[in-house]
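Remarks on the structure that follows.
The values are calculated or read from the model by the stated rules, or taken from the named source; none is laboratory data. These figures come from a predicted structure and were not determined experimentally. So basically every Cβ, Gly included, is an ideal-geometry build from the backbone, and we count neighbours across all protein chains shown.
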Amino acid sequence: MAKRSFLLILMIFSSSWLFSQEKIDSLMPVRGLCLGVPRPAEVDNFIQFIKKELKPGKINTLILMIDYKYMFESHPELRDSGALSKDEVKKIVQACRDNGIKIIPQINLLGHQSWANKPGMLLSVYPELDETPDIKMPEKYVWPNADKLYCKSYCPLNPKLHKIVFDVVDEICNAFETDAFHAGMDEVFYIGEDQCPLCSGHDKAELFAGEVTAIRNHLALKNRRLWIWGDRLLDGKTTGLGEWEASFNNTYRAIDMIPKDVTICDWHYERADQTAVYFAMKGFDVVTCPWNDPSVAVTQVNDIVKFRKSSTPEMRDRVRGVVQTEWLGAGRFMDSYYEKGNEKPGKNGGRCFRAVVDEIRAINK
C-alpha cells in the first residue's frame, strides 16, 4: 500500500513538473544569459553557478563571449591572455549539457576590434585587416574624440580576412559542440570609410549585409545558425534611439538584405523599447536583451509574454524570449550576482538577472 501511494505521489509530481516546463517553454522558449567567458581559475565556480543558479532559474541558453580567450590550434598567434584550454571548455560543455543549457559562443566580428587605447588580438596580429589604419590608437583614450574612434573595425573586403576568421569560428564552434554562433556586429561606427582602398565608395548597408551574409553562409555549410546584435539594423534617427542602440550611418537598410534565418538580439537598457516587434515583422527570430536596470528588464519580460499571447502564430513564434546581457567576465558577474566585493547593490547585471529570473518564475506560476 505504501509503495502504491509513493508511486502515485511520484506520478503527480512528475506530471506537475512536466506541465510547468511545458508552460514556461510555451510562454518564453529562450531564457538566456550572455556574459564573458570565465578565466581558467574561475571555471569550477562557474560550473557550480550553472548547476545552482542557471538550471533552477530555468535558463536554457548561454552566450559566452569568447573572442580570443581560447587556446586556438588553427591560429595560436591569436590566443589572448586568460585563454581557456580545450579540457576547460569541455567541462563547461558537459555542465551545460547535464543541465539542459544550449551554449552559443561569441567572437566579435566586423566591429569591436579595439577597446579604449588598445587594438584587439585580430588587428594586433594582422594590422593589414584594419578598416582605418590611418587612425592611430591614442595613448590615452577619451570620448568624444576628433577621430570619432569608439572601436576599430576590420575591412570586410580584405581578401585575407575570411580564411583567418572562419578558421577560428569553426574551431570554437567545434570546441563548444554547438549548432549556433554569435558574431556580435554591434556598434559598428567604422564601415565603408573613404580612406579604405577596398571599401571606399561602397554602400555601407550593402557592406554590412554582405558581411552578415558571408558569415551566415559559412555557418550554414555545417548546419549552424548565426546570431547577431540588432542595433545596426535600426534607424537611429527616425526612431530617436540614437547612434549607440541604432544606426546613424545608414546600415539599418541592411535589414532587407540579409537572410531571414539570422537570430537578432535586440538590446535596450534604459527603456523597454519594443523594437522586437519590428524584427519579427521583418521575418526574423528575435530575443530581447536587458542589462542592468531591473525595472526595465521586468517590463521587457512581460512585454514578451504579452506579445506571444496576443499575436498570430507566425509572429508569436518569432519573438523567442529574453537574454540577459552582462559585459563583465563570469567571475565579476558572479560577484555581482551574489553582491560580493566591489559589485555592490544597485543598477548592476547581477541584480538585473535576479529580477529576470524571479519574473520568469512568477509568470510560470
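Here are some notes:
- Residue list for the range 230-251, restricted to those being surrounded by fewer than 24 Cβ atoms within 10 Å (Cβ to Cβ) and either among the hydroxyl-bearing types (Ser, Thr, Tyr) or assigned to a strand (DSSP E or B) (or both): Asp235, Thr238, Thr239
- Flag for Pro133 being assigned to a loop (DSSP other than H, G, I, E, B), out of contact with any Lys or Arg (no Cβ under 9 Å at 6 or more places or on another chain) and surrounded by 14 or more Cβ atoms within 10 Å (Cβ to Cβ): yes
- Test set (1) among the aromatic types (Phe, Trp, Tyr); (2) more than 21 Å from the chain's Cα centre (by Cα); (3) surrounded by fewer than 17 Cβ atoms within 10 Å (Cβ to Cβ); (4) modelled with pLDDT of 95 or more - Trp115 fails condition number: (2)
For (1) in contact (Cβ under 8 Å) with a residue 60 or more places away in the chain; (2) within 18 Å of His182 (Cβ to Cβ), each residue gets a yes or a no:
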position	(1), (2)
Pro56	no, no
Ile63	yes, yes
Tyr70	yes, yes
Glu73	yes, no
Gly82	no, no
Ser85	no, no
Asn99	no, no
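- Counting the residues of the range 190-205 that are small (Gly, Ala, Ser), in a loop (DSSP other than H, G, I, E, B) and within 26 Å of the chain's Cα centre (by Cα) gives 1.
- Some residue of the range 309-327 being in contact with a Leu (Cβ under 6 Å, 6 or more places away or on another chain), among the polar types (S, T, N, Q), closer than 22 Å to Val262 by Cα and at pLDDT 95 or above: yes
- In the set (1) touching a strand residue (DSSP E or B) at 6+ places or on another chain (Cβ under 8 Å); (2) over 22 Å from Ile63 (Cβ atoms); (3) crowded, with 20+ Cβ neighbours inside 10 Å; (4) not basic (Lys, Arg), Val165 fails one condition alone, (2).
- With respect to being of a type in the set (Lys, Arg) and either under 30 Å from Tyr141 (Cβ atoms) or buried (at least 18 other Cβ atoms within 10 Å of the Cβ) (or both), Arg97 falls outside the description.
- Taking the numbered list (1) closer than 22 Å to Glu77 by Cα; (2) touching a residue at least 40 places away in the same chain (Cβ under 8 Å); (3) surrounded by fewer than 22 Cβ atoms within 10 Å (Cβ to Cβ); (4) in contact with a helix residue (DSSP H, G or I) (Cβ under 6 Å, 6 or more places away or on another chain) in turn, Cys173 passes all entries but (4).
- Of all residues in the range 143-164, none are out of contact with any helix residue (DSSP H, G or I) (no Cβ under 7 Å at 6 or more places or on another chain), within 24 Å of Val323 (Cβ to Cβ) and not in a loop (DSSP other than H, G, I, E, B).
- Residues of the range 43-71 that turn out to be farther than 20 Å from Asp87 by Cβ and charged (D, E, K, R), as a count: 4
- Qualifying residues in the range 176-229 (those that are under 21 Å from Lys69 (Cα atoms) and acidic (Asp, Glu)) - the one surrounded by the most Cβ atoms within 10 Å (Cβ to Cβ): Asp186
Results for (1) closer than 24 Å to Cys265 by Cα; (2) at pLDDT below 95; (3) in a strand (DSSP E or B); (4) of a type outside the set (Gly, Ala, Ser), shown as yes or no for each residue.
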position	(1), (2), (3), (4)
Lys51	no, no, no, yes
Cys96	yes, no, no, yes
Gly100	yes, no, no, no
Glu128	no, no, no, yes
